[in-house]
Amino acid sequence: MNLPENVIQQIVKEVTARLQTQSGANGIFPDMEQAISAAKVSQRVVQKMNMEQREKIIANIRAATLEHAETLAHMAVEETGMGNVAHKILKHQLTAQKTPGIEDITTRVWSGDRGLTLVEMAPFGVIGAITPSTNPSETIICNTIGMLAGGNTVVFAAHPGAVKTSNFAVDMINRASLAAGGPANIACTVETPSIESGKIMMQHPDIQLLVATGGPGLVKAVLTSGKRGIGAGAGNPPALVDETADLQKAAEDIINGATFDNNLPCIAEKAVVALVEIIDELMHYMTTQQGCYLASEAEIAKLESVVFTAPSGGHQPGLNRKCVGKSAADLLEMIGVKAPDGTRCIVFEGAKEHPFIKEELMMPILGIVRAAGFDDGLEKAVWLEHGYRHSAHIHSKNVDRITRYAKALDTAILVKNAPSYAALGFGGEGYCTFTIASKTGEGLTSAATFTKQRRCVMSDALCIR
């Protein structure tokens with residue numbers, strides 16, 4: 001997205017003004033103890049608010065997110081070096097418009113001869129949330145809206161690689177709360193996040209619930225903390241395409257999903273399994289109509305040497321973080337190839353065991369696996385998903401096959417005949433979230449996820465039938 005110079009200067013000026021005195025910003029503290037203490041004080045105020053008052057604050061957070069979507073998008077790309085500004089703007093707009101609020105907080109009622117029983121959703125109190133660098137501000141805003149709707153406040157342990165963007169979002173949220181007549185510090189964090197500050201948060205007695213959005217190591221740490229944990233871990237979503245699919249549309253959908261924000265979303269298509277009778281036609285549409293660069297075997301080998309770091313000390317090779325979230329053109333440039341104009345994605349055919357296919361890369365490199373038939377394709381897709389139970393996609397007009405695929409993959413998200421981002425309400429029905437708790441079973445989190453149930457019983461009274 002090309003912005004006029006005066007707009008860019010205004011963004012820089014605003015960000016500098018808001019962050020130059022970080023310790024004076026709303027919700028941002030020198031250490032984790034102070035952050036948790038402030039959130040605890042604010043939670044006592046929030047818990048006494050009625051639902052209408054909470055909704056007023058949430059409405060202001062939504063408005064502020066829409067107002068600052070461009071600023072936050074530019075900040076995230078500049079700070080992390082990952083993703084696409086235009087797509088990050090869309091993600092912030094989606095967060096503002098489709099994250100559930102108080103409407104997600106409901107009461108169940110039983111009324112009969114023996115009286116009246118209510119089951120209501122009550123807050124946990126102060127929630128500790130760990131956020132990623134891939135969707136830093138989107139996750140913070142989305143989490144805060146849902147947690148506040150449930151009557152909680154939240155302390156964030158933000159990813160150190162996205163601290164400026166994260167802190168800007170926290171400051172923005174608290175300003176929105178104050179402007180709506182709410183308290184400051186409904187969302188809190190520290191000026192300089194670290195492993196140590198994160199440990200303090202996870203072990204603190206005033207934190208009743210931990211929510212982790214990140215990799216498997218992070219989720220494991222939360223689930224072994226001794227506290228109630230909600231874990232949104234890694235995924236490696238495969239997309240299966242059979243001979244009944246609309247192949248031209250499938251190619252468009254898959255590439256749109258796989259290139260959205262340079263493949264950073266955990267739900268994005270990470271590999272394709274295509275039946276033998278249609279794989280060539282599918283790849284034809286990808287390369288001639290969808291801006292895909294068909295890489296040679298030699299080019300893929302060169303990319304491997306760049307994308308993966310060399311193993312050391314007996315460890316497996318890891319991802320080169322300088323490649324994560326980069327565009328296809330940037331990745332090709334790293335191996336001395338000038339991408340043709342309009343290149344969106346790098347594609348190649350390979351075995352399911354290829355490291356670019358079996359590993360979650362979070363970059364627009366898409367390996368396509370040939371399957372002998374639907375049963376073979378199903379088996380390969382299950383293997384590629386690695387039992388994460390996160391996300392999977394299928395392009396087929398055969399309802400029985402779609403059903404078999406859904407049962408076999410058993411993922412929190414299954415997208416049928418659409419881009420992966422339809423799962424988040426972008427071009428599909430349903431609400432938005434950036435914390436998808438596949439590991440702990442909550443699925444797509446919302447305000448209700450961040451509450452605990454309370455039963456209230458009035459025996460032999462208040463039944464007036």
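The values are calculated or read from the model by the stated rules, or taken from the named source; none is laboratory data. On a predicted model such as this, the values are computed, not experimentally measured, just so you know. Cβ: placed from backbone, ideal geometry, glycine included. Neighbour counts: every protein chain shown.
The set of residues in the stretch 280-310 being of a type in the set (A, V, I, L, M) and free of Cβ contacts under 8 Å to residues at least 40 places away in the same chain consists of Ala298, Ala301, Val306, Ala310.
Thr309 fulfils the conditions (1) modelled with pLDDT under 95; (2) in contact with a Cys (Cβ under 6 Å, 6 or more places away or on another chain); (3) among the β-branched types (Val, Ile, Thr) except for a single criterion, (2). Working only within the stretch 118-163, note down all residues that are among the β-branched types (Val, Ile, Thr) and closer than 15 Å to Ala212 by Cα. Across the stretch 118-163, the qualifying residues are Val126, Ile127, Ile130, Thr131, Thr134, Thr139, Ile140, Ile141, Thr144, Val154, Val155. Where strands (runs of 3 or more DSSP E) fall wholly inside the stretch 71-141, the ranges with 1 or more residues that are within 13 Å of the chain's Cα centre (by Cα), crowded, with 21+ Cβ neighbours inside 10 Å and in the same structural domain as Phe168 (by TED's automatic domain parsing) are 126-130. Yes or no: Val273 of a type in the set (A, V, I, L, M, F, W, C), buried (at least 24 other Cβ atoms within 10 Å of the Cβ), touching a residue at least 40 places away in the same chain (Cβ under 8 Å) and assigned by TED's automatic domain parsing to the domain that holds Gly342? So Val273 fits the description; yes. Taking (1) farther than 30 Å from Arg321 by Cβ; (2) in contact with a Ser or Thr (Cβ under 9 Å, 6 or more places away or on another chain); (3) in contact (Cβ under 8 Å) with a residue 24 or more places away in the chain in turn, Glu385 satisfies each apart from (1). When the residues of the stretch 255-284 are filtered to those that are part of a helix (DSSP H, G or I) and within 13 Å of Val369 (Cβ to Cβ), the one that is farthest from the chain's Cα centre (by Cα) is Ile279. When the residues of the stretch 192-222 are filtered to those that are more than 23 Å from the chain's Cα centre (by Cα) and among the charged types (D, E, K, R), the one that is farthest from Cys142 (Cα to Cα) is Glu196.
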